[in-house]
Amino acid sequence: MNTITESLGLALRLILQADPELLRIVALSLRVSGSACALGMGLGLALGAWLAVTRLPGHRLLTGSVNTLLALPSVVVGLVVYLLLSRSGPLGSWGLLFTPAAMVFAQTLLVVPLVAALARRLVADALSEGGDQLRSLGAGPLSAALLMLLHERRAVLTLGLTAFGRAVSEVGAVMVVGGNIFGATRVMTTAIALETSKGDLPLALALGLILLGVVGAANALVGLLRPGAAPLSEGLA
């Protein structure tokens, strides 16, 4: 391919013609990242709610550790998951390495600290405003935290979209544990890296455009949801 214009034209043609390989890669990306986001949200929200109300010894260290994990390089997560799932690892008998399940596992580990850190802050702020009301009704600390998450559902949905954007745009961890196997573990980010190195720019550009569209749509929804949730009295009614 001689020019960027020609490559872009072919990329748009692949998208408009719904190229089967393109659709297969996109579908797997959305399935892997969607599953990781759902698992990460469940674990992260529970951990964040617990961190917001617990006062056990070592709480500050645990909170700091979660915040530190926000900056953990994705390739390090991939390496940890690889060691766990390799034949000599403790989970090697499961046979998950170089499968979509391993990619979901890795992306979940990336999403959980993000969700937990943001959920902890969300619950702490919400409890400072309406926690007394819940406690007067007999709610325990953890119950109050979970009720606040339910009340702040719009903020939680925004958090989920942010987590999905983090997962779907990640490349290092899924490359390490997925192997970018044709027809099996190729997702948008790993395929873009591979096709670019091979010089197949049309497919790489097509996947890049779709990935930008997916992330852009998630960010647009975050912007629409940002105004805030209903008043606390309405949420408790």
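The values are calculated or read from the model by the stated rules, or taken from the named source; none is laboratory data. These figures come from a predicted structure and were not determined experimentally. Backbone-built Cβ (ideal geometry, glycine too); neighbour counts: all protein chains shown. Remember, those area values only see protein heavy atoms, side chains included, never the ligands or the DNA or RNA. Shrake-Rupley method; radii C 1.70, N 1.55, O 1.52, S 1.80 Å.
Would it be correct to say that L122 is in contact with an Asp or Glu (Cβ under 9 Å, 6 or more places away or on another chain) and more than 14 Å from A173 (Cα to Cα)? The answer is yes for L122. Is it true that some residue in the stretch 81-92 is in a helix (DSSP H, G or I), without any contact (Cβ under 8 Å) to a residue 24 or more places away in the chain and charged (D, E, K, R)? Within the stretch 81-92, none of the residues are in a helix (DSSP H, G or I), without any contact (Cβ under 8 Å) to a residue 24 or more places away in the chain and charged (D, E, K, R). Going by what's in this entry, would V111 be described as within 13 Å of the chain's Cα centre (by Cα), of a type in the set (V, I, T) and not in a loop (DSSP other than H, G, I, E, B)? Against the criterion (within 13 Å of the chain's Cα centre (by Cα), of a type in the set (V, I, T) and not in a loop (DSSP other than H, G, I, E, B)), V111 qualifies. Return yes when L39 is of a type outside the set (D, E) and within 30 Å of A124 (Cα to Cα) and no when it is not. Yes, satisfied. Per the conditions (1) open to solvent by 20 Å² or more (accessible area, probe 1.4 Å); (2) outside any helix (DSSP H, G or I); (3) more than 22 Å from V168 (Cα to Cα), the sole criterion not satisfied by L96 is (3). Of all the numbered requirements in (1) part of a loop (DSSP other than H, G, I, E, B); (2) farther than 28 Å from L146 by Cβ; (3) among the aliphatic types (A, V, I, L, M), I25 misses one, and that requirement is (1). G235 falls short on exactly one of the conditions (1) at pLDDT 90 or above; (2) part of a helix (DSSP H, G or I), and that condition is (1).
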